1. Rg and Dmax of the stretch 180-249, using alpha carbons, in Å: what are they?
2. Once the cut-off is 39 Å, how many percent of the Cα-Cα pairs in the chain end up in the long-distance tail?
3. Compute the whole-percent fraction of alpha carbon pairs in the stretch 1-52 spaced more than 12 Å apart.
4. At 222 nm, what helix-only mean residue ellipticity would the chain give, in deg cm²/dmol to the nearest 500, using -39500 (n - 2.57) for each DSSP H run of four or more?
5. Rank 27, 328, 358 by mean-square fluctuation in a GNM of the chain with C-alpha springs under 10 angstrom and give only the top-ranked residue.
6. Run the accessible area of the chain with a 1.4 Å probe and give the carbon-and-sulfur part as a rounded percent.
7. With just the Cα atoms defining each centre, how far is the stretch 215-236 from the stretch 152-167? Give it in Å.
8. Is the shape of the stretch 47-155 best called rounded, prolate or oblate, per the rule: a/c under 1.5 gives rounded, else a/b larger than b/c gives prolate, else oblate, with a ≥ b ≥ c the square roots of the Cα gyration tensor eigenvalues?
Amino acid sequence: MLIEFSVENFRSIRTRQTLSMVASPWLRKKNNTVKVIVDGEPKFPALLKVAAIYGPNASGKSNLIKALGILPQVCDRRPSVEPQPFPALPFRFDPELNDKPSKFEVHFVVNATRYSFEMALTVDRVHHERLAIHKKGNEVVLYERSLTEEGGDKYEFGAGLEGGLSLHRIWEQLTGPRTLFISQAVANSNNDLIQLRTPFKWLRDLNVEVNGLDRSAYNTREIIAKYPSSGSAVTDLLNEVDIPISSIRSKWDEGSTNRLSARLGLQTRMTTTLTHKTSLGEADFDFDEESDGTKGLIGIAMRWSVFQNESFGRLFNIFVIDEFDSSLHPKMVEALVERHIQNGLERQLIFTTHDTHLMDSKLLRRDQIWLTERDETGATQLRSVHDFEGREGEDIEKRYYEGRYRALPFIKKA
């Protein structure tokens with residue numbers, strides 16, 4: 001589970017900003033938290049199941065989500081003949097930062113073990129990389145990689161890193177400037193070496209939705225075309241939120257196959273048909289005839305069903321969504337968040353939203369509501385409502401619109 005995530009010098013984020021999932025011990029609604037087991041740390045604090053991020057347009061909400069999404073994106077990279085640039089974009093308003101790397105740091109728990117991982121990137125290469133394991137509250141560095149003044153990489157390997165120095169040096173030699181060491185080490189290890197594999201899989205498998213629900217809806221339709229029975233997971237979610245669709249079917253039109261055909265310039269089209277059921281009977285509708293809200297739900301339905309299914313164990317522990325409320329009714333968003341809180345699973349939902357109804361629903365705690373705003377330099381500032389003076393049970397939505405927490409758009413009068 002995620003403990004905290006920090007980012008610095010990335011897009012609108014200038015100085016280090018941290019999203020913490022550590023629950024305040026003084027607030028009620030304990031079912032909104034998870035008491036995780038961490039070896040050697042019996043007093044480790046509970047973690048939050050949900051974090052909702054609010055703020056005006058262009059205040060940096062999406063950039064925070066994009067920053068989280070870079071972790072799995074970079075971890076999943078493999079060496080190639082034509083290496084792609086890293087998606088590291090520095091804060092542009094400060095000339096001193098233009099050539100400096102974007103920095104990312106994440107603390108998390110997997111299999112009762114606490115880890116911390118750091119990386120610093122420019123468009124051209126990795127500048128810094130570090131993985132540490134925490135034993136009985138003490139940090140033990142497994143490896144650290146730094147860029148030297150000469151432009152090469154310097155490695156320091158901890159005594160506890162498995163594999164032996166000879167293997168470590170092979171991993172080092174195989175790692176290029178645009179590849180993470182941990183990715184290369186795991187790719188060139190046998191199944192007996194699991195020390196790096198465990199944190200690597202957690203980082204790589206972070207499920208971050210940053211490209212909008214339209215693309216996710218396309219992915220869902222593709223899966224249904226390939227595995228028709230999977231459509232039931234979509235209809236189940238739609239029915240739960242009062243959208244009476246009894247079936248959903250997708251198929252590639254004749255002469256079409258998949259995205260590869262599109263990349264090769266071949267004509268492709270996928271037809272998706274949804275059957276609506278009413279008291280008068282059933283009728284079929286094309287996907288393009290559906291509302292934006294229904295399309296959005298279809299976009300997250302497949303992964304949401306996995307996310308909420310206990311049978312999938314630790315496969316899918318975190319779901320991060322930008323603009324979760326996009327085209328969705330506030331009651332739908334509230335229902336989905338409430339069901340996640342009540343499901344009893346050790347999983348976390350993080351999302352951005354403009355839907356202040358959640359503030360007034362009494363569903364979330366003060367430490368679960370986060371706010372972004374721009375300062376006078378154009379830089380994003382991230383704070384929790386719990387950072388502001390107040391009391392539990394107060395009308396957070398009312399205080400928000402009164403400007404008590406700031407993070408409101410400044411609209412000039414005509």
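The values are calculated or read from the model by the stated rules, or taken from the named source; none is laboratory data. Quantities reported herein were computed from a predicted structural model and do not represent experimental measurements. When we count neighbours, we look across all protein chains shown, and the Cβ atoms used for this are built from the backbone with ideal geometry, even at glycine. Protein only, heavy atoms only, side chains kept; ligands, DNA and RNA dropped before computing areas. Shrake-Rupley method; radii C 1.70, N 1.55, O 1.52, S 1.80 Å.
1. 18.1, 49
2. Of all Cα-Cα pairs in the chain, 25 percent lie more than 39 Å apart.
3. Within the stretch 1-52, distances greater than 12 Å cover 68 percent of Cα pairs.
4. Using -39500 (n - 2.57) per qualifying helix, the result is -7500 deg cm²/dmol.
5. The residue that fluctuates most here is 27.
6. 49
7. 44
8. oblate
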